[in-house]
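Here's the structure, in C-alpha cells; my notes come after.
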Amino acid sequence: MRIDAAHRQTAVLLNANAKQVNGRVRRELSDVVPEEHLFFSRDPDDARRIADTVIRRGYGTVFTGGGDGTFVSWVNHILDHSERRSAPPPRFGVLALGTGNAVAEVVGARADGHVDALRRYMGGEVPFVRPIGLLTCNGRRTPFAGVGLDAAVINDYNWWKGHVKDTRLSRLGLGAQGYGLAVALRTVPRYLAERRPAYCEIVNEGRAAWQLDATGAPVGQAIRKGELLYAGPCMMAAASTVPYYGLKLRAFPFADQRPGMMQVRVATQVSVPSVLMNLRQIWDGSFSHPGLLDFHAESVSLRFERPVPLQVGGDAEGWRDEVRFAMAPRPIDLVDFAGGPGSLRLGGAPRFAA
C-alpha cells in the first residue's frame, strides 16, 4: 500500500482490554500502520505514558480506536501532555470500535470500515479535517455530557450488560438492543415510580445565551451572565458540541450551528407515552415538545435539590447535585471522512520528531 508522505507519522491508540480489540483487529491495523506507531493501553498509567510519547515524538495525527468514552479519555491525556510540554497537539481521528460512536458519526467513520478508513487516510485519500469544539465538565474535556435521564440510561445499560455477561443472553446486552432492554427493564420502571423529577436551577455563567425555537432560531431576549436559563422540574439537562449521542441518535440538532457555543437541552417533564409515540422524531432530531427546552450557551451551572446521575462522554460518572458545563478554550481538529460543509482541507505535512 502506498502511504502518502503527509500522513506517514500517524499513531493509532487502542484500549488493549476492549473486547473489539482482538487479534484480528491488531493484525489488520498492523498491515496499515507500522508496529512502532501502534499503541495499546491496559491501564491509566499506560495511557499517560503513551500520551507523553505521542507528544514527545510529535505525531501529526492520532487515531483512537473505541467508543466515545475511549476517545474522550485519549483526548484528555494527550491535550494534558501537550499543555505540559507547551507543544502543539495532533489532529485526531476516530476508528469506530465501540458501542457509542457519536463523534464517529459526525465525521463519517463507519463501525464496519475502520481498517479501510485508516488505509484511505494513510494513502492521502481523506484530505479533510473538521474543527470540533469541546466542553468541559468536572475538569474533563468532552463533546457532550449530561445529568438525569440520559446518564441513568447509561448506568442502566451497564447494569444490564453486567447482568447478562457470561450467560446465554450476553448478546442481548450489547448495542442498541442492550440499551432498549435496559430502558424497558430498569429506566422506565424507575421513572414511573418516582414522585417527580428533581428541581433544578440552571444559571448562565458566560456570555449572552439564547433560548431556541423548534428550528434552532433564537427567541426572546438574550439571557445575560448570572441570569437563569431555567428553574423547575428537570428530567434531563445535557450539553453538547456535536449533534449525535451515538447509535445515530440526533439528540442535539442545533449543537454545531454557532461556533463557540454548546447546545444545552433540558427535558422538564415529558411523559413516557409521548416518548414512545415519537421515537422516530426523537431519533432524527425533529421532536418538539413544550417540555423540551433548547439553548445556545457558553457556560452554565446546574444545581439540583438532590443528587442525580452524571455522564461525561457516554461514561457514567456517579451522582452530583452541582455540575458546570463550559466551552473549552480551543477546538480540536478531527479527520473528516465525510468532507461535508464545515470541513477544512488539510494543508502541509504533520510535524514529526523521532
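When the criteria are applied in full, Ala316 fails the requirement of being in contact with a strand residue (DSSP E or B) (Cβ under 8 Å, 6 or more places away or on another chain) and either crowded, with 21+ Cβ neighbours inside 10 Å or at pLDDT 95 or above (or both). Taken together, the residues in the stretch 53-85 that are among the small types (Gly, Ala, Ser), more than 13 Å from the chain's Cα centre (by Cα) and over 17 Å from Ala328 (Cα atoms) amount to 3.
Looking at the stretch 1-16, which of the residues that are modelled with pLDDT of 75 or more and not in a strand (DSSP E or B) is nearest to the chain's Cα centre (by Cα)?
My answer is Ala16.
Assess whether Arg207 counts as being at pLDDT 95 or above, of a type in the set (Lys, Arg) and not in a strand (DSSP E or B). The answer is yes for Arg207.
Does Gly93 fit the bill of being touching a strand residue (DSSP E or B) at 6+ places or on another chain (Cβ under 9 Å), buried (at least 24 other Cβ atoms within 10 Å of the Cβ) and at positive phi? No.
Matching residues to (1) within 20 Å of Arg85 (Cβ to Cβ); (2) more than 23 Å from the chain's Cα centre (by Cα); (3) touching a residue at least 40 places away in the same chain (Cβ under 8 Å):
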| position | (1), (2), (3) |
| --- | --- |
| Glu28 | no, yes, yes |
| Val32 | no, yes, yes |
| Glu35 | no, yes, no |
| Asp46 | yes, no, no |
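Considering the conditions (1) touching a Cys at 6+ places or on another chain (Cβ under 8 Å); (2) surrounded by 21 or more Cβ atoms within 10 Å (Cβ to Cβ), Arg324 is excluded by exactly one of them, (2). Please determine whether any residue of the stretch 218-234 is among the basic types (Lys, Arg) and crowded, with 16+ Cβ neighbours inside 10 Å. There is no residue in the stretch 218-234 that is among the basic types (Lys, Arg) and crowded, with 16+ Cβ neighbours inside 10 Å.
Residues in the stretch 288-313 that are within 24 Å of Gln221 (Cα to Cα) and surrounded by 19 or more Cβ atoms within 10 Å (Cβ to Cβ): 9 in all. If you go through the stretch 317-346 and keep only what is in a strand (DSSP E or B), under 17 Å from the mean Cα position of the chain (by Cα) and not small (Gly, Ala, Ser), you end up with Glu317, Arg324, Phe325, Met327, Ile332, Asp333, Leu334, Val335. Of the residues in the stretch 151-166, none is under 29 Å from Val32 (Cα atoms) and not aromatic (Phe, Trp, Tyr). Within the stretch 134-180, the set of residues being of a type in the set (A, V, I, L, M, F, W, C) and out of contact with any Gly (no Cβ under 8 Å at 6 or more places or on another chain) comprises Leu134, Leu135, Cys137, Val147, Leu149, Ala151, Ala152, Val153, Trp159, Leu169, Leu174, Ala176.
The values are calculated or read from the model by the stated rules, or taken from the named source; none is laboratory data. Remember, it's a predicted structure, so these values are computed and weren't measured experimentally. Glycine gets a Cβ as well: all are built from the backbone with ideal geometry, and neighbour counts include every protein chain shown.
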